[in-house]
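The values are calculated or read from the model by the stated rules, or taken from the named source; none is laboratory data. Everything numeric here is computed off the predicted structure, so don't read it as measured data. Ideal geometry is used to build each Cβ from the backbone, glycine not excepted, and the neighbour counts take in all protein chains shown. Heavy atoms of the whole protein, side chains included, go into the accessibility calculation; ligands, DNA and RNA do not. Shrake-Rupley method; radii C 1.70, N 1.55, O 1.52, S 1.80 Å.
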Amino acid sequence: AGSAARPSGHSCSSPEISWTLPDTSHISQDDLTSQVGDVLLYYCYCEVRDPEKLCAWQKALCQHLHLTGKVRVASEGINGTVGGSKVATSLYIKVMLSQPLFKNILCQEDFKSSAGGAHCFPDLRVGVFREIVPMGIDPKIVSYKETGIHLSPQEFHREVEQYLSQATQGQSDTILLDCRNFYESKIGHFQGCLAPDIRKFSYFPSYVDENLELFKDKRVLMYCTGGIRCERGSAYLRSKAVCREVYQLKGGIHKYLEEFPDGFYRGKLFVFDDRYAICSNEDIISACRYCGVLWDQYKLCSSQHCRQLVLTCPSCCNKGLTACCPVCQEKELKVTSRASGQILKEECECTRRRPRVPIEHVSPRMLDTGK
């Protein structure tokens, strides 16, 4: 881990954005639109002088290749999750790597791939934002250039192995930190991790602020789905100057599972599309919300205006237990409308009872034993 480098980010003058779209005249429509395909997950931090132009090109490129998904563009870079046929996603990667803006920054290994396709997303959404991952902190205040030390999956695996070994002997000076949301870590996480009970990544900075004592003089091993949340999350944690050192898993859980499908990560990997989860092992670590039987397949709450996810097994579904909480189960939520006519969803019992920023009441002894 000590030999791992901390990237300084791309600080050179931003190149012009190429408007080039690939020639697809030699590709059949069936190959471009096939339901059998992949979902790509990637990000690239770089200086973008004209985010609107990059956004327009990205939208045209995705439409040209019949890709669906979500792409966030900002002055600090790009973050995308797109799905399409194998031919289309392969061509997308090729074009992205040839884009002058990403030259010498983005590489083939930065694209995480899983089985899926355009059907995994309802549509294509491409937009310009202040941040390419919504942490809620101005990128000029906490920059990706101040990130933690990147560890390859192999290095991270060795670190976790050592951490678990020391933790069982009550000697660990390390925290294995999951910086994802609670519903992600609920169905899959690294053994012995500390998983914050937060609903949004934008709550992570407040979580750190409220729990600084936990991180004091600790080595932190941080991970997330594909690596992007760790870029800003580790930078924020480092800015507090309480940890001995902060490390992060390069490529996230996605890349780790490619090399260690039966490693220290157990359960499913949550993904933000219609699949909800992908798996690399047979472990089920979560339970049905109603009967407690082992279950890890999410569905949306059946209440019309609720967007919470719920774990409810087939048996409970057959009994009509399909909502996320008693409030949603017993009645339809009331709809609040603005003067403009925009409908606002009402927060359910699950959300109201969950503290926005939980404070960890964990003794140093419990952390040392990896519990």
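Miscellaneous remarks
- Meets criteria (open to solvent by 40 Å² or more (accessible area, probe 1.4 Å), touching a helix residue (DSSP H, G or I) at 6+ places or on another chain (Cβ under 6 Å), of a type outside the set (Phe, Trp, Tyr) and touching a residue at least 60 places away in the same chain (Cβ under 8 Å)) for Arg244: no
- Matching residues, segment 205-263, being of a type in the set (Ser, Thr, Tyr), closer than 24 Å to Gly136 by Cβ and assigned to a helix (DSSP H, G or I): Ser206, Tyr207, Ser234, Tyr236, Ser239
- Unique residue being touching a Pro at 6+ places or on another chain (Cβ under 9 Å) and open to solvent by less than 50 Å² (accessible area, probe 1.4 Å) when the list is Leu221, Leu177, Leu164: Leu177
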